[in-house]
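Working notes for the structure below.
The values are calculated or read from the model by the stated rules, or taken from the named source; none is laboratory data. Keep in mind the model is a prediction, meaning the values are calculated, not measured. Here Cβ is always computed from backbone atoms with ideal geometry, including for glycine, and neighbour counts include all displayed protein chains. Keep in mind that these areas ignore ligands, DNA and RNA; they rest on the heavy atoms of the full protein, side chains included. Shrake-Rupley method; radii C 1.70, N 1.55, O 1.52, S 1.80 Å.
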Amino acid sequence: MKENQQWSSKLGFILAAAGSAIGLGAIWKFPYIAGVSGGGAFFFIFLLFTLLLGLPLLLAEFLIGRSTQKDAIESYKSIAPSSKWHSIGYLGMITCFILLSFYSVIGGWIILYLVKTIRGDLDGLSQQEYGELFGATISDPVLSIGAHLIFMIITIVVVAMGVQKGIERTSKFMMPALFILFLVLIFRSVTLSGAMEGVQFLFYPDFSKLTSETILAALGQSFFTLSVGVSVMVTYSSYLPKDSNLSQSAISIVGMNIMIVVLAGLAIFPAVFSFGLEPNAGPVLLFNVLPTVFNQMTFGMVFFVAFLLLFLFASLTSAFSMLEIIVSVLSKGDTKARTKWSWIIGLIIFAVGVPSALSFGIWSEVSIFNKTIFDAADYLVSNILMPVGALLISIFVPMKMKKSHLYDELTKGNALSKRLFNVWYFLMKYVAPIAIFLVLLDVLGVWKRF
Ligand code: PFF
């Protein structure tokens, strides 16, 4: 049976695309990477990349998707037939495959903490005890793999149900609630004693802390949080009606994302400094810090449960989009095939993610290029595959899509001034490919050889 895949409303699309964008990237990964990378300067570069590269690329993916109304492979094929450009779609599928395999491990951590909090295991512990409890939880192979499996099964079931019913409905109520809860959390965090040091850490840029690696990490982080470079946004916008306002959607998604990044940073860093912790604790940062903050609030654990639920939703809506792009290509609009492929691919992804789950416990000593399995998978996706995908898209769009056609497509559904269009086109054609290329070269140490 053929499905009629279209969003039921424009808001549905924005929520689903924002749902894909907002997830672990902004809430869990940004604070931890910023913490490792020295804070303010990283944040500044991240913002710059998000506005100058991420936003234009997001819009470019929307244009590819809506103008062709096809999946991640066919869309490139229909724009550039008899060429190899559709490999961008395959690269995106592979990237999402690896990404989801470790993303789901962290999603599993949220489920574990949700259950533990509801059971009362987190009531009234000390900061140090929270850290120990978390370490013990994620290093337990049965718990971490089991939770990873549960996260994957939820993702599979929702994606198997189809885009409209599954993804859209779930996205609708989560975002406003998440904003509100963050505000409550920040209020507590910034009123802790010594909190201002954390605010300063986050916003005061000390550029001497920047290295080639942290610049690449900021680039990868800005693509990661916006879900660009992997054709997920091509797929999502292919379900859009022709009269939707693309530039406004892109701007609101970027705006929401930056806001969540700032909120997450403001919730976490003041507490880190107030408790005398190190900001560079790595992937465990958020889980070590937040329980103590919540614990210092009246009804703290109730708030923590609400927070974890919303955090879980945010992560799931991102996970849906990663599986969706793969399943949509394989099932080609056939409902039965969609269910079959969702399960097959989803379960393989689960299996591939098991070593990442174990790398926080019994396999913590196994290393690939001096990184744990989890860190290596994340590095491959965030710092190599996503920037390369974004680079290819930034070459593809100006080269293969006519400027006049892009303008017509972009101005359907909204009156974008010619000048703004030209700014976007310039960023796409020159700034994005050159900047991404230079950042990648820089990390390879090419400059140093001259
Ligand atoms: N943007 C998501 C997040 O920040 O959690 C991660 C992500 C989702 C990246 C989907 C890429 C993607 F295709």
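Let's see how each residue does on (1) within 30 Å of Ile145 (Cα to Cα); (2) at pLDDT below 95:
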| site | (1), (2) |
| --- | --- |
| Met1 | no, yes |
| Gln5 | no, yes |
| Phe44 | no, no |
| Tyr90 | yes, no |
| Ile106 | yes, no |
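Within region 85-95, take every residue that is within 16 Å of the ligand (Cβ to nearest atom) and either under 11 Å from Phe396 (Cα atoms) or in contact (Cβ under 8 Å) with a residue 24 or more places away in the chain (or both) and give me the one that is most open to solvent (accessible area, probe 1.4 Å).
Top of the filtered list is Ile94.
If we keep just the residues of region 285-327 that are under 26 Å from Ile156 (Cα atoms) and more than 16 Å from the chain's Cα centre (by Cα), which is farthest from the ligand (Cβ to nearest atom)?
Top of the filtered list is Val305.
Let me confirm something: among Lys340, Lys332, Lys336, which residue is among the basic types (Lys, Arg), surrounded by fewer than 24 Cβ atoms within 10 Å (Cβ to Cβ), modelled with pLDDT of 90 or more and away from the ligand (no atom under 16 Å from the Cβ)?
Lys340
Starting from region 212-237, keep only residues that are touching a residue at least 24 places away in the same chain (Cβ under 8 Å) and open to solvent by less than 10 Å² (accessible area, probe 1.4 Å), then list their pairs with residues that are part of a loop (DSSP other than H, G, I, E, B) and near the ligand (Cβ under 9 Å from one of its atoms) whose Cβ atoms are within a distance under 7 Å, requiring at least 6 positions of separation or different chains.
Phe223/Gly229; Met233/Ser227
Within region 36-51, is even one residue without any contact (Cβ under 8 Å) to a residue 24 or more places away in the chain and among the small types (Gly, Ala, Ser)?
No: zero hits.
What do you reckon, is Ser244 among the hydroxyl-bearing types (Ser, Thr, Tyr), more than 30 Å from Ile393 (Cα to Cα), open to solvent by less than 10 Å² (accessible area, probe 1.4 Å) and more than 16 Å from the ligand (Cβ to nearest atom)?
Criteria not met by Ser244.
For region 22-84, please list each of the helices (runs of 4 or more DSSP H) lying entirely inside it that holds at least 2 residues being within 15 Å of the ligand (Cβ to nearest atom) and either open to solvent by 30 Å² or more (accessible area, probe 1.4 Å) or more than 19 Å from Lys403 (Cα to Cα) (or both).
Here the list reads 30-36, 40-49.
Conditions tested, residue by residue: (1) more than 25 Å from the chain's Cα centre (by Cα); (2) in contact (Cβ under 8 Å) with a residue 40 or more places away in the chain.
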{"residue": "Ala351", "(1), (2)": "no, no"}
{"residue": "Val366", "(1), (2)": "yes, no"}
{"residue": "Val397", "(1), (2)": "no, yes"}
{"residue": "Phe421", "(1), (2)": "yes, no"}
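Can you tell me which residue in region 248-257 is nearest to Asp408 (Cα to Cα), limited to those that are at pLDDT 90 or above and in contact with a Phe, Trp or Tyr (Cβ under 9 Å, 6 or more places away or on another chain)?
Ala250
When you scan region 213-238, how many residues do you find that are out of contact with any Lys or Arg (no Cβ under 9 Å at 6 or more places or on another chain) and either more than 15 Å from the ligand (Cβ to nearest atom) or of a type in the set (Gly, Ala, Ser) (or both)?
Residues in region 213-238 being out of contact with any Lys or Arg (no Cβ under 9 Å at 6 or more places or on another chain) and either more than 15 Å from the ligand (Cβ to nearest atom) or of a type in the set (Gly, Ala, Ser) (or both): 11 in total.
Scanning for something assigned to a helix (DSSP H, G or I), more than 15 Å from the ligand (Cβ to nearest atom) and more than 24 Å from Leu380 (Cα to Cα), does region 100-112 turn up at least one residue?
Yes.
Identify, please: which residue in region 330-360 is in a helix (DSSP H, G or I) and small (Gly, Ala, Ser) and is, among those, nearest to Trp109 (Cα to Cα)?
Ala357
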